[in-house]
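Notes follow the structure.
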Amino acid sequence: MHRGINQGRSLATGLALFLVFPVAMVLAGTIFPLRNAVHAPLSIAAFTLAVVAVFLIGLGLRQDTRWRAFASYSFVTGVILVGLLLLTIATGQGVLAAWVGLLQRLFIAPLFLWIEGWPSGFS
């Protein structure tokens, strides 16, 4: 993707941030498991980086006429991710804490669908 799109600072930054997301998720799932004090802040930071990356990549895609449709899709996905992230953070404590795992998976779903959209004819 990086080689096939007109280069720009926001696109490069977004792609770099997006590469941090899976590393942070692996760390949160293996080195810092659920009961570890680092798990929640690391997960929130990883999810936040993914949201910022989606918006930055979308901003970068607007510069390339071949990718403008996917840029719009990126912004819509980013808004959905912000809402799901805020909902996940809000339910992390109290009576709704049992639902936080489901909300985390719901957060991942549009992110994975967004990733899947890259090769599916948006170019």
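The values are calculated or read from the model by the stated rules, or taken from the named source; none is laboratory data. Quick caveat, the model's predicted, so the values are computed rather than measured. Neighbour counts run over all protein chains shown; Cβ positions are idealised from the backbone, glycine included.
Within the stretch 85-97, residues that are among the small types (Gly, Ala, Ser) reach partners that are modelled with pLDDT of 75 or more and not in a helix (DSSP H, G or I) with beta carbons closer than 9 Å, at six or more positions or on different chains, in the pairs Ala97/Thr91. Looking across the stretch 9-59 at every residue that is aromatic (Phe, Trp, Tyr) and outside any loop (DSSP other than H, G, I, E, B), the one that is nearest to Ile108 (Cα to Cα) is identified as Phe47. Under the condition of being of a type outside the set (S, T, N, Q) and surrounded by fewer than 17 Cβ atoms within 10 Å (Cβ to Cβ), the residues counted in the stretch 53-74 number 3. The set of residues from the stretch 38-65 being of a type outside the set (A, V, I, L, M) and touching a residue at least 60 places away in the same chain (Cβ under 8 Å) comprises Ser43, Phe47. Pairing residues of the stretch 17-31 that are free of Cβ contacts under 8 Å to residues at least 24 places away in the same chain with residues that are part of a helix (DSSP H, G or I), at Cβ distances under 7 Å and at least 6 apart in sequence or on separate chains, gives Met25/Ala46; Leu27/Leu42; Ala28/His39; Ala28/Leu42; Ala28/Ser43; Ala28/Ala46. Among residues that are over 20 Å from Gly101 (Cβ atoms), hydrophobic (A, V, I, L, M, F, W, C) and over 11 Å from the mean Cα position of the chain (by Cα), Val38 is not included.
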